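The structure under discussion appears below in the form of structure tokens.
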Amino acid sequence: MRDVLKIVADKPFGQYVNSSNLGLDKTYSKKVIESTVQSLYESNLIKVENEYLLNDDLDYSIGELTRAGCQLLTQLKSDACFKNIKESANQYNERQVTIRTLQRLAAKYNAPR
């Protein structure tokens, strides 16, 4: 999820990137990328211009991060925070973490102490 948010944030403003061209296919399966982009879209963390369904493949034309997407990415940029989140998820044996859980953990580990 952090990788997708970073790619969307780093692209030139006003340009779109297709979810099938994120360059993450060597790291993640097509199914993981599709479900991650769909979850980010449904959670209002990214803006999507168009959705395409072609040969049973769902592709999104991704525009920008929303305000909530920017906030989450800011919290996840810290490798130390991201490591803590991964360790917390592993404690509960969760292979997939919901976006709400991710946001809650990111806020927890970024809270001033």
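The values are calculated or read from the model by the stated rules, or taken from the named source; none is laboratory data. What you see is a predicted model; the values in this text were computed from it and never measured. When we count neighbours, we look across all protein chains shown, and the Cβ atoms used for this are built from the backbone with ideal geometry, even at glycine.
List the residue pairs whose Cβ atoms are under 8 Å apart, where the first residue sits in the stretch 1-26 and is over 23 Å from Arg100 (Cα atoms), the second is surrounded by fewer than 17 Cβ atoms within 10 Å (Cβ to Cβ) and among the hydroxyl-bearing types (Ser, Thr, Tyr), and the two are 6 or more positions apart or on different chains.
Every condition considered, the pairs that remain are Tyr16/Ser61; Val17/Ser61; Asn18/Ser61.
Of all residues in the stretch 1-58, how many are within 22 Å of Leu76 (Cα to Cα) and either of a type in the set (S, T, N, Q) or touching a helix residue (DSSP H, G or I) at 6+ places or on another chain (Cβ under 8 Å) (or both)?
Result for the stretch 1-58: 29.
Condition first: of a type in the set (A, V, I, L, M, F, W, C) and either surrounded by fewer than 15 Cβ atoms within 10 Å (Cβ to Cβ) or under 20 Å from Lys108 (Cα atoms) (or both). Can you find one or more residues in the stretch 54-66 that meet it?
yes
Could you figure out which of (1) among the aromatic types (Phe, Trp, Tyr); (2) within 14 Å of the chain's Cα centre (by Cα); (3) more than 12 Å from Val4 (Cβ to Cβ) isn't true of Tyr52?
Looking at each condition in turn, Tyr52 falls short on (2).
Of all residues in the stretch 78-93 being out of contact with any helix residue (DSSP H, G or I) (no Cβ under 8 Å at 6 or more places or on another chain) and outside any helix (DSSP H, G or I), which is modelled with the lowest pLDDT?
Filtering the stretch 78-93 for residues that are out of contact with any helix residue (DSSP H, G or I) (no Cβ under 8 Å at 6 or more places or on another chain) and outside any helix (DSSP H, G or I), the one modelled with the lowest pLDDT comes out as Asn93.
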